[in-house]
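Worksheet for the structure shown next.
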Amino acid sequence: MRRIGILTSGGDAPGMNAAIRAVARKAIYHGLEVIGFRRGFNGLMHGEYEKLRLGSVADIIHRGGTMLLTARAPEFLETAGRKKAVSVLHEQGIDALIVIGGDGSLRGAAELEKLGVKTVGVPGTIDNDLACTDYTIGFDTAVSTVTEAINKLRDTATSHERVFVIEVMGRSAGYIALAAGLSGGAESILVPEIPFAVEEVAERLQRGVKRGKLHSIILVAEGASSALAVAEQLKVLTKMDIRVTILGHVQRGGVPTSFDRMLASRLGAAAVDLLRSGCHGHMVGLQQGEIKSTSYQEALHQKKKFPEDLYHLATILAI
Ligand code: ADP
């Protein structure tokens, strides 16, 4: 192996830059050349790339977003698009490709494998919805951002004795809502993995008021419902003063936490090691503190287990 490619794809996540830096520096350390493709699979299909040197990845470890840019690439869903990508890799003499992204991006990498391209996937998404890794790059930062927002909203909620319904990201998963809800002390957390009834949330609210709570915070994962819909129902059921905040894309940006930088550095380096050992068609991940690799076949065909014990703990602690 002489030359490897790297790209970031799908939704951006804080820590992707640290992963790019780790891949580039580890590969160069071992005498490999590194080609960075821009805008995910789009840049791969259309030959948009730059050679990454040690200095190209300087001063990015602490920055959110991705220096390689990212995009969704509908053309890549077609066989013709993927064949275009394969020919660009052949033309550039690239022996293997490292794909940093979420579920969709790793499925894209798995499709390239079927066309004979050696790939390794690095899980990068704020949603933490990939199996075979305890955490994905960007999740910890997103949870910190949401927790900080809850702190701020809690101040105003207490002063005005209000209820805040806060909608958070996570696509079809509730990991961000659960982790931020537990660490932010939310009264109720609505996630797609656990069935809920708004009537029960209303009862909890009223019980809270009776025992003297000055405010209430309800977190709604975007995959479970919308904050507006929940707030409307709660207003009818409780007649309380309810405000809605949809946090939106602030959750995707910002300075990555040290946890995300460490995770990204370890996973990026492990992806290079995996390729050097001759292994490909795998995703690297963190499993009980250790860096492990799992085949796409196994990783992409299972649903990550939702930590129901933490959910129940959050419910008990918010009594
Ligand atoms: P994420 O990687 O964050 O989950 P997406 O699901 O949008 O984001 O996927 C990013 C890109 O990966 C898509 O725009 C597409 O180009 C590619 N992709 C997604 N799913 C597949 C698939 N099943 N086969 C091939 N490519 C895919």
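The values are calculated or read from the model by the stated rules, or taken from the named source; none is laboratory data. Because the structure is predicted, anything quoted here is derived from the model rather than measured. Note that we place each Cβ from the backbone using ideal geometry, even for glycine, and neighbour counts take in every protein chain shown. With ligands, DNA and RNA removed, areas are computed over all heavy atoms of the protein, side chains included. Shrake-Rupley method; radii C 1.70, N 1.55, O 1.52, S 1.80 Å.
Quick look at the numbers
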{"item": "Residue, nearest to the ligand (Cβ to nearest atom), within region 50-90, restricted to residues that are part of a loop (DSSP other than H, G, I, E, B) and hydrophobic (A, V, I, L, M, F, W, C)", "result": "ALA73"}
{"item": "Test for ALA13: is it more than 16 Å from the ligand (Cβ to nearest atom), surrounded by 24 or more Cβ atoms within 10 Å (Cβ to Cβ) and among the small types (Gly, Ala, Ser)", "result": "no"}
{"item": "Breaking point among (1) of a type outside the set (Asp, Glu); (2) assigned to a loop (DSSP other than H, G, I, E, B); (3) within 14 Å of the chain's Cα centre (by Cα), for ALA19", "result": "(2)"}
{"item": "Some residue of region 23-45 being open to solvent by 20 Å² or more (accessible area, probe 1.4 Å), under 19 Å from MET262 (Cα atoms) and in contact with a Gly (Cβ under 9 Å, 6 or more places away or on another chain)", "result": "yes"}
{"item": "Strands (runs of 3 or more DSSP E) contained entirely in region 206-299, each with at least 2 residues that are surrounded by fewer than 20 Cβ atoms within 10 Å (Cβ to Cβ)", "result": "242-246, 290-295"}
{"item": "Qualifying residue in region 133-140 (condition: more than 13 Å from the ligand (Cβ to nearest atom) and under 28 Å from VAL201 (Cα atoms))", "result": "yes"}
{"item": "Cross-chain or 6+ apart pairs with Cβ under 6 Å, region 82-104 first and assigned by TED's automatic domain parsing to the domain that holds ARG72 and open to solvent by 20 Å² or more (accessible area, probe 1.4 Å), then at pLDDT 95 or above and acidic (Asp, Glu)", "result": "ARG82/GLU111"}
{"item": "Answer from GLY47, GLY43, GLY36 - the residue that is in contact (Cβ under 8 Å) with a residue 24 or more places away in the chain, of a type outside the set (Asp, Glu) and within 12 Å of the ligand (Cβ to nearest atom)", "result": "GLY43"}
